[in-house]
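The values are calculated or read from the model by the stated rules, or taken from the named source; none is laboratory data. Keep in mind it's a predicted model, so treat the numbers as computed, not measured. Note that we place each Cβ from the backbone using ideal geometry, even for glycine, and neighbour counts take in every protein chain shown. We work out accessible area using only protein heavy atoms, side chains counted, and drop any ligands, DNA or RNA first. Shrake-Rupley method; radii C 1.70, N 1.55, O 1.52, S 1.80 Å.
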Amino acid sequence: MAVTVFIRYQIDPFQLAAFREYAENWGRIIPQCGGHLIGYFLPHEGTNDIAWGLISFPDLAAYEAYRARLRKDAASVANFARAQEKRFILREERTFLGEVAGTRDQMPAISETGVQGEPA
């Protein structure tokens, strides 16, 4: 069964740029190490100290193999070290989610014009 790792970060809101760079680095590292990066998401409005990352794997064994590759990857090790040095991540939580078939990446049925099937 496919599994998605939902990572919830509590971040220092005064170091948003540092976290953005950290997330952008993962954008290159995660796929190279075998993860399907769905994306990283930063605060936009409302709560200013919570960010998320979502990464999918075919199963938990693939996740464990990915984690082993991360520990050996120089760019990964450097990204983790920078986060620890700069202390822009205050807390990190991981939740493992199973996907509900047929619900991922569904596009809207109504365009921006409000008319179904017509381009915006």
Checklist entry - So, of the residues in region 79-103 that are open to solvent by less than 70 Å² (accessible area, probe 1.4 Å) and assigned to a loop (DSSP other than H, G, I, E, B), which turns out to be modelled with the highest pLDDT? => result 88
Checklist outcome for this item: By residue number, the members of region 1-40 that are over 13 Å from the mean Cα position of the chain (by Cα) and of a type in the set (A, V, I, L, M) are 1, 2, 3, 11, 16, 17, 18
Checklist outcome for this item: Output for Cβ contacts, cut-off 7 Å, separation at least six or different chains, first residue touching a residue at least 24 places away in the same chain (Cβ under 8 Å) and more than 11 Å from residue 7 (Cα to Cα) in region 93-107, second exposed (fewer than 10 other Cβ atoms within 10 Å of the Cβ) and among the β-branched types (Val, Ile, Thr), reads none
Next on the checklist: Going by what's in this entry, would residue 72 be described as farther than 16 Å from residue 7 by Cβ, open to solvent by 70 Å² or more (accessible area, probe 1.4 Å) and in contact (Cβ under 8 Å) with a residue 60 or more places away in the chain?
Outcome noted: no
Next on the checklist: Tally up the residues in region 1-59 that are open to solvent by 80 Å² or more (accessible area, probe 1.4 Å), assigned to a strand (DSSP E or B) and without any contact (Cβ under 8 Å) to a residue 40 or more places away in the chain, please.
Outcome noted: 2
